[in-house]
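Following this message is one structure expressed as structure tokens.
The values are calculated or read from the model by the stated rules, or taken from the named source; none is laboratory data. Because the structure is predicted, anything quoted here is derived from the model rather than measured. Cβ placement follows ideal geometry from the backbone for every residue including glycine, while neighbour counts extend to all protein chains displayed. These area figures cover heavy atoms from the full protein model, side chains too; ligands, DNA and RNA do not enter into them. Shrake-Rupley method; radii C 1.70, N 1.55, O 1.52, S 1.80 Å.
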Amino acid sequence: MPRDEDEARERIVAAATRCVDRLGPTKTNIAAVATELGVTRQTVYRYFPGLPDLLVAVAEAGTAQFLARMEAHLANVTSPAEAVAESIVFSLNTIPTEPYIGLLLQAGENEVFTRGVTSSHAMSYGAQMLRRTPVDWDSIGVRDGDFESLAEIVMRLMVSFLEYPADPPRTDDEVRALVRRWLGPALAAHG
């Protein structure tokens, strides 16, 4: 028996994560999560109104691991334009195969994923990631209050690339060049 509502939610998310690992995102459903946890579906619904809400919680639980890998990827990037370009390329290459963050794309819940990636919670994660890069943001006039809006632009662009890829598809170097060409001058002009 969980001690409180938070612990109950954590247990449900952990069970849903196990279901995604075992069944895959397309076969994970509320009934499977309830069975995994040994409770009724109504118990799961009490904490999560529907599968999309539960999948968002699973995706958020995987965010810390994703951010740690992105931080390592950007560890030597000191140019603002490069930091933005590399974060987008890293996301494009990682999210579709990411077991938890990308599961909403794989499960066909694109609308939920899109809303989640532009939530205030996601903007906060994006801002944290940008702050963690070795870029001297202050030198170009990006102040503490600017990171969430910059993260929003980066995330909206990344979602656009994921949901509406170019035809023919762009290579990583072509995406980098596109981002550098159009966002690089904006970042330089900001200061």
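Please give the length that would be gained between THR26 and TRP182 if that part of the chain were fully extended, namely 0.36 nm times their separation in residues minus their C-alpha to C-alpha distance (nm, one decimal).
The span from THR26 to TRP182 would gain 52.5 nm if fully extended.
Within region 39-83, what residues put their amide N at less than 20 Å from the label point 7 Å along the Cα-to-Cβ vector of ASP146?
77-83
Stretched out fully, how many nm does the piece from SER139 to ALA166 gain, at 0.36 nm a residue minus the Cα gap? Write down the numbers at each step before the final one.
Working: separation 27, 0.36 × 27 = 9.72 nm, distance 3.39 nm.
Extra length from SER139 to ALA166 when fully extended: 6.3 nm.
Next up: Just the number: Rg to Rh for the chain, Cα atoms, Kirkwood Rh, two decimals. Present the calculation step by step, with values, prior to reporting the outcome.
On the way: Rg = 18.5 Å, Rh = 17.9 Å.
Value, to two decimals: 1.03.
Another one. For region 2-80, what relative contact order do you get, as a whole percent, if you take Cα pairs closer than 8 Å and at least 6 residues apart? Intermediate values should be presented prior to the final figure.
Values: 43 pairs, mean separation 20.6, N = 79.
26 percent.
For the chain, what is the mean residue ellipticity at 222 nm derived from helices alone (per DSSP H run of n ≥ 4: -39500 (n - 2.57); sum divided by total residues; nearest 500 deg cm²/dmol)?
Numbers: 11 runs with 132 residues, N = 191.
Computed ellipticity for the chain at 222 nm equals -21500 deg cm²/dmol.
Calculate the spin-label point distance for ALA72 paired with ILE153, positioning each point 7 Å from the Cα along the beta-carbon direction, and give it in nanometres.
3.0
Mind listing the long-range amide H neighbours of GLY62? Cut-off is under 5 Å, sequence gap 5 or more, other chains count too, H placed in the peptide plane at 1.01 Å from N.
none
Evaluate the relative contact order of the chain (contact order divided by residue number), counting alpha-carbon pairs under 8 angstrom at least 6 apart; express in whole percent.
22
May I ask you to compute the full-extension gain from ARG3 to ARG132, defined as 0.36 nm times their residue separation minus their alpha-carbon distance, rounded to one decimal in nm?
The span from ARG3 to ARG132 would gain 42.9 nm if fully extended.
Follow-up. Among TYR45, TYR164, TYR100, TYR125, what's the order by accessible area (1.4 angstrom probe), most exposed first?
TYR164, TYR45, TYR125, TYR100
In a solvent-free Debye calculation with one equal scatterer on each Cα, what is log10 I(q)/I(0) for region 46-99 at q = 0.16, 0.20 Å⁻¹, listed in the order of the q values?
With no solvent term, the Cα-only Debye profile gives -0.57, -0.75.
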